[in-house]
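K.L.:
Next up is a structure, given as structure tokens.
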Amino acid sequence: MTADETELKTLMLASQRGDAAAYRALLAKLAPRLRGYYKRRLTGVGRSADEAEDLVQETLIAIHLKRQTYDPGALFTPWLHAIARYKLIDFLRSNRMSRMDVPIDDHHDLMAADDHASAEGTHDMTKLLDRLPKRTRQAIEAVKLEGNSVAETAARYGMSESNVKISIHRGLKALAALIGRDSSG
């Protein structure tokens, strides 16, 4: 087991036991790794590296929602890699790209699990989304949860595509802040 694996797994296990400081430390260590991973993958398929930040926020939210599904007897980094990879595939699919564009053996770049939220996680996410402004919540639900395109969402809610993108970006940042506050309290 590598030093990174040991450190991340230790933080994750402490997080599962309710240690808010360990949870914050885990997220702080994961964010730059995820950012680098997504930037490499996105530029590798001809996308802008600037799009990585939304994926980082979505992945951190998914980790929060799924943290109780992590098996303490398993390695942490493959669990993390699976989450990150599925988030990338979802992003590319929603932007009309194929999962064939995502190499399967990129796990050495990062370290993640499946993308099926538990009923409890879904309930938590619903409560978090309800704390966002209506337009922001609608944009996130339509694009990130229902898989609609930005253009479809803009037409559906009478918004410009730019406003949909901005709402999603700001909403994901707000969700990450809410999760951080909720987990430290």
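K.L.:
When both residues are 6+ apart or on different chains and their Cβ atoms are under 6 Å apart, which pairs have a first residue that lies in the range 86-102 and is more than 11 Å from Gly147 (Cβ to Cβ), and a second that is among the acidic types (Asp, Glu) and at pLDDT 60 or above?
P.N.:
Hits for this filter: Lys87/Glu58.
K.L.:
Here's something else I'd like to know. Of the residues Arg40, Arg67, which single one is under 16 Å from Ile179 (Cβ atoms), part of a helix (DSSP H, G or I) and among the basic types (Lys, Arg)?
P.N.:
From the options Arg40, Arg67, the qualifying one is Arg67.
K.L.:
Still on this model: With the structure loaded, tell me whether Arg181 is assigned to a helix (DSSP H, G or I) and at pLDDT 85 or above or whether it fails that test.
P.N.:
no
K.L.:
For the range 1-22, does any single residue satisfy the condition of being in a helix (DSSP H, G or I), under 15 Å from the mean Cα position of the chain (by Cα) and surrounded by fewer than 17 Cβ atoms within 10 Å (Cβ to Cβ)?
P.N.:
No, the range 1-22 contains no residue that is in a helix (DSSP H, G or I), under 15 Å from the mean Cα position of the chain (by Cα) and surrounded by fewer than 17 Cβ atoms within 10 Å (Cβ to Cβ).
The values are calculated or read from the model by the stated rules, or taken from the named source; none is laboratory data. Owing to the predicted nature of the structure, the values given are computational and were not obtained by experimental measurement. All Cβ positions, glycine included, derive from the backbone under ideal geometry; neighbour counts span all protein chains shown.
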